[in-house]
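Peer 1: Before anything else, here's the structure in question.
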Amino acid sequence: MSVLPTALLPTLIRRERASLAATLLAPPVALAVATILNLGLYILMGRDPVAVVHAMLLEPFLSWASFSEVLLKTGPLLLIAQGLAIGFRAKVFNIGAEGQFILGAIFASAIPVWFPQATGQWIWPVMLLLGAIGGALWASITAFWRVRLNANEILVSLMLSLVAAQLLNYLLLGPWKDPNGFNFPQSVMFQYDAMVPMLISGTRVNVSLLLTLALSMAAWVFMQKSFIGYKLQVGGLAPRAAGYAGFNEGWAIWLSLLIGGFAAGLAGAAEVAGPLGQLQRSISTGYGYAAIIVAYLGGLHPIGIVFSALFMSVIYIGGDNAMVSANLPIAAVRVFQGSLLLAYLIAATFVRYRLEWRRTAYGSRP
Amino acid sequence: MNAIEFILSGMLAAATPFLLAALGELVVERAGVLNLGVEGLMAFGAVLAFIIVYHGGGHLLGFLVAGLGGAVLSLIFAFVALGFRANQVATGLAIGILGQGLSALFGKSYESLTVKGVPKFAFPWLSEIPVVGGLFIQDVVAWLSLAVTLAIWATFAYTKVGLVVRAVGENPKAAHAIGYSVILVRILAIAFGGAMAGFAGAYASVIYTPLWADGMIAGRGWIAIALVVFGTWLTGRIFLGACLFGAVSLTGLAAQATGLDVPSPLLSSLPYLVTIIVLGIISADRRLLKLNGVASLGEPFER
């Protein structure tokens, strides 16, 4: 059985230490490979590849109006991905950010829905805070299930996302439906004070982008400079060593999930109190899932994630452009996202491994 | 027809997509690999089968193409996760996103279209028993998936192939040392799992609810992965779990039919809630998971 054509293939040999060059090259290489593969797909679909590239990768940068939309979409992706990356480095796979985002949006909407007449500058900050708490609470269910009941956090967090989507449906079809909304599944429009103030006039970019950047800084300090962040990383890289050092695994899981939920909830709140101005069914266009890709593409590093979030946002806006100008179905964005992550995972292998052909490899098979 | 008869007669058909996908994932996990892309593999199989059947290719060809498509897509998973030792969780998620994207892309011009299902076969005598008779009137694929369940159980219990797959999952180094190619066994297991997920998707889109809608798999691939845990990696228990979820997904319809005034989003989330609760109950018994779990699950194999 061992006599296979694999004998002709190169073998992966573990490097003595991680390669910095490969770390930095992996994202751009993955990007290039995914772009070429997807262009091939578009050509097969009979689309003009030049038009698609123009619409997807260039147009978002060509006007201030469209670039500001890129910045607007970067916010939630960046925020969620920063939170998730902390967990992923601790090997806590919270893939339910979508649900935590939705809960954040719901919690934040409670104020304008229940108190539509309320005024005052305190409203939007309280909404953001409530949203973050909502996201963290939703994530804490997963943490409890994982720590106390030993349940797999991937499955529980994902299931909770599907439940969250139904909860949103329930609210919008029932108690929170706008009575004057022509039966559309959406809440009332929020009052002025329930909206996050604008940052750049003439665009939809608001103050939450600054908050997101500040939290990215905080994530960098937390992961790279603090002892708690260090403990989390050791727990992820060498769980046994962490155990001997007395780092509590359950505590790491709670912290990872609460941070992830907090960030995703905040993002959800900023979305309803920002560009949307009401609770709708389509509050998230898969941000919670796309942020997983953003986190990996950024090498799970707070600074890398800033760039990958910006890029992913370009793909979203560019995908919308390409739908209009090059008649490309919006599902193409998801295909691109999936293939991008796959390409990145292959490229990232070379951070820890190098290729060697069998003849020169030591310990070759008999 | 009362609610119980309704659930009994529809349970097996509702369970079949769960069952096929979960059995496929069982084989993959038994070989030590965690493929979280089942949802995407099912969606991909579902759209392929739907397109074939819609254009008159017939259900048999539809299923074959769906199985082939699922296998091919899962081989991309194998290429990345085994060939490059990438993180299996991330790779599985990527395959899931890719599969769902491809299904939406291919299915775009088929949205809300319908096809004809397949006829049901009734067991003589048994199908005439009151109340439980409906259990014995099923379509051919539902009957076949029972046969597949038995076959997989027997393979793991009695055959060398089953033993090799388990050895590769429990102790890959030992399996390698006695001359088995761990990677090859895992590739074959992954391809089998992909094909089963493709069949499961096909069943969902051309037999169970013969219509195409983006997102129609609706978490069933994830529940299938959870079912493998519920069943503690045992074929028989996975079958029972699939039946339970078949029944749960019908309970909503039954409740509405009896005029019970429950909001439909609550009913839609019932399978997910049950998954969460059962996952908590089963996993809390750490000994049970340790006893039947797969030792090398999710870890890349390095000599």
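The values are calculated or read from the model by the stated rules, or taken from the named source; none is laboratory data. What you see is a predicted model; the values in this text were computed from it and never measured. With ideal geometry, Cβ positions are generated from the backbone for all residues, glycine too; neighbour counts draw on all protein chains shown.
Peer 1: Taking the conditions exactly as written (out of contact with any Phe, Trp or Tyr (no Cβ under 8 Å at 6 or more places or on another chain), surrounded by 16 or more Cβ atoms within 10 Å (Cβ to Cβ), part of a helix (DSSP H, G or I) and away from every other protein chain (no Cβ under 14 Å)), does B:Val148 satisfy them or not?
Peer 2: yes
Peer 1: Next question, about the same structure. Look through region B:80-120, keep the residues that are of a type in the set (Phe, Trp, Tyr) and part of a helix (DSSP H, G or I), and return whichever of them is farthest from the other protein chains (Cβ to nearest Cβ).
Peer 2: Here the residue is B:Tyr110.
Peer 1: Answer yes or no as to whether B:Phe230 is buried (at least 18 other Cβ atoms within 10 Å of the Cβ), away from every other protein chain (no Cβ under 14 Å) and within 20 Å of the chain's Cα centre (by Cα).
Peer 2: In short, no.
Peer 1: Return the total of residues in region A:136-153 being more than 7 Å from chain B (Cβ to nearest Cβ) and part of a helix (DSSP H, G or I).
Peer 2: 12
Peer 1: I've got another one for you. Could you please let me know if A:Pro116 is away from chain B (no Cβ under 14 Å), buried (at least 24 other Cβ atoms within 10 Å of the Cβ) and not aliphatic (A, V, I, L, M)?
Peer 2: no
Peer 1: Consider B:Arg237 against the criteria (1) within 18 Å of the chain's Cα centre (by Cα); (2) within 13 Å of chain A (Cβ to nearest Cβ); (3) of a type in the set (D, E, K, R): it satisfies all of them except one. Which criterion is unmet?
Peer 2: Just one mismatch for B:Arg237, condition (2).
Peer 1: Can you name the residue in region B:245-264 that is within 24 Å of the chain's Cα centre (by Cα) and of a type in the set (Val, Ile, Thr) and is also surrounded by the most Cβ atoms within 10 Å (Cβ to Cβ) among such residues?
Peer 2: Looking at the filtered set, the residue picked out is B:Val248.
Peer 1: Given B:Leu297, B:Leu267, B:Leu291, which one is within 12 Å of chain A (Cβ to nearest Cβ), of a type outside the set (Val, Ile, Thr) and surrounded by fewer than 18 Cβ atoms within 10 Å (Cβ to Cβ)?
Peer 2: Going through B:Leu297, B:Leu267, B:Leu291 in turn, just one is within 12 Å of chain A (Cβ to nearest Cβ), of a type outside the set (Val, Ile, Thr) and surrounded by fewer than 18 Cβ atoms within 10 Å (Cβ to Cβ): B:Leu297.
Peer 1: Take region B:245-276 and flag every residue that is touching a helix residue (DSSP H, G or I) at 6+ places or on another chain (Cβ under 7 Å), assigned to a loop (DSSP other than H, G, I, E, B) and more than 15 Å from A:Leu168 (Cα to Cα).
Peer 2: B:Thr258, B:Val262
Peer 1: Kindly provide the set of residues from region A:61-93 that are farther than 30 Å from A:Gln224 by Cα and crowded, with 24+ Cβ neighbours inside 10 Å, ordered by number.
Peer 2: none
Peer 1: Could you go through region B:166-178 and let me know if any residue there is in contact (Cβ under 8 Å) with a residue 24 or more places away in the chain, within 22 Å of B:Ala71 (Cα to Cα) and buried (at least 24 other Cβ atoms within 10 Å of the Cβ).
Peer 2: yes
Peer 1: Right, next: Taking only region A:244-261 into account, find how many residues are buried (at least 24 other Cβ atoms within 10 Å of the Cβ) and under 30 Å from A:Phe190 (Cβ atoms).
Peer 2: Of the residues in region A:244-261, 4 are buried (at least 24 other Cβ atoms within 10 Å of the Cβ) and under 30 Å from A:Phe190 (Cβ atoms).
Peer 1: Let me ask something else. Within the set of pairs 6 or more residues apart or between chains, which connect a residue that is at negative phi and surrounded by fewer than 12 Cβ atoms within 10 Å (Cβ to Cβ) inside region A:232-243 to a residue that is of a type in the set (Val, Ile, Thr) and modelled with pLDDT of 85 or more with Cβ atoms less than 9 Å apart?
Peer 2: Correct list of pairs: A:Ala241/A:Val234.
Peer 1: So, one more: Taking A:Val272, is it assigned to a helix (DSSP H, G or I), among the β-branched types (Val, Ile, Thr), within 25 Å of A:Ile13 (Cβ to Cβ) and more than 9 Å from chain B (Cβ to nearest Cβ)?
Peer 2: Taking the combined requirement at face value, the residue does not satisfy it.
Peer 1: May I ask you to say which residue of B:Asn87, B:Asn2 is within 25 Å of B:Glu299 (Cβ to Cβ), polar (S, T, N, Q) and without any contact (Cβ under 8 Å) to a residue 24 or more places away in the chain?
Peer 2: B:Asn87
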